Amino acid sequence: MNKLTLITAAMLTILPAAGLAGEPDDLLKGIWIDTVSYEDMPRTELHFGDNSTVKIVNLEKDPVTVTYTVDDLIDNQYRVKFQYSHQVVKPNGREVTFTEYFELLYHEDDGFPVLSQEIMEFDGRGIIIMTEYMKKDALIDNFSSALKKRLNGRKPVSSYREMPPDTE
């Protein structure tokens, strides 16, 4: 082998590890659906397409398309971030702009790719999983990942301390 071939082979093995080969975009591409159905409401769908765009369907009145970024590629887990703003009418009739922020954790659970939306719970549990999405062709109704079960299953910490009863 000549030096150019060795350098090229080395670069091709480094690029995926550095997150520069587009692998996260390829893994995200397609339709992701909320794993839980709520009464008569349609499930939220995330349509990941080309050029790092995601179309959010069934969350607002009209679909919203925004760009996303991918961070923290570690052990086949990474964060997908995007946001959008929309107008909200307050009960007093005043119209304000409200921004929705999404930070989804891509991970695999029993070989299934999952996008988990983490939130901070201030009852002492810390980070919990609010919503999970799976690819449309692999959707399991009411699926809960092992991560969601572990984080959400923690007991809340009491915000007060009971005093033992007086013993005389």
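Some values worked out for this structure:
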quantity	calculated
Among 145-153, 28-36, the order from most to least packed when residues are scored by Cβ within 10 Å on average	28-36, 145-153
Rounded percent of accessible protein surface that carbon and sulfur make up, region 80-150, 1.4 Å probe	50 percent
Probe 1.4 Å - accessible area at F82, Å² to nearest ten	10 Å²
For region 63-123, accessible area per residue (1.4 Å probe, heavy atoms of protein chains only), Å²	64 Å²
Burial ranking of peptide ranges 97-107, 67-77 (average Cβ count within 10 Å, highest at the top)	97-107, 67-77
Whole-Hz ³J(HN,Hα) from phi, Karplus 6.51 cos²θ - 1.76 cosθ + 1.60, for region 36-44, glycine and proline x	10, 9, 10, 6, 8, 7, x, 5, 5
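The values are calculated or read from the model by the stated rules, or taken from the named source; none is laboratory data. Not measured: the values here are computed from a predicted model. Here Cβ is always computed from backbone atoms with ideal geometry, including for glycine, and neighbour counts include all displayed protein chains. Surface areas here come from the heavy atoms of the whole protein model, side chains and all, with no ligands, DNA or RNA. Shrake-Rupley method; radii C 1.70, N 1.55, O 1.52, S 1.80 Å.
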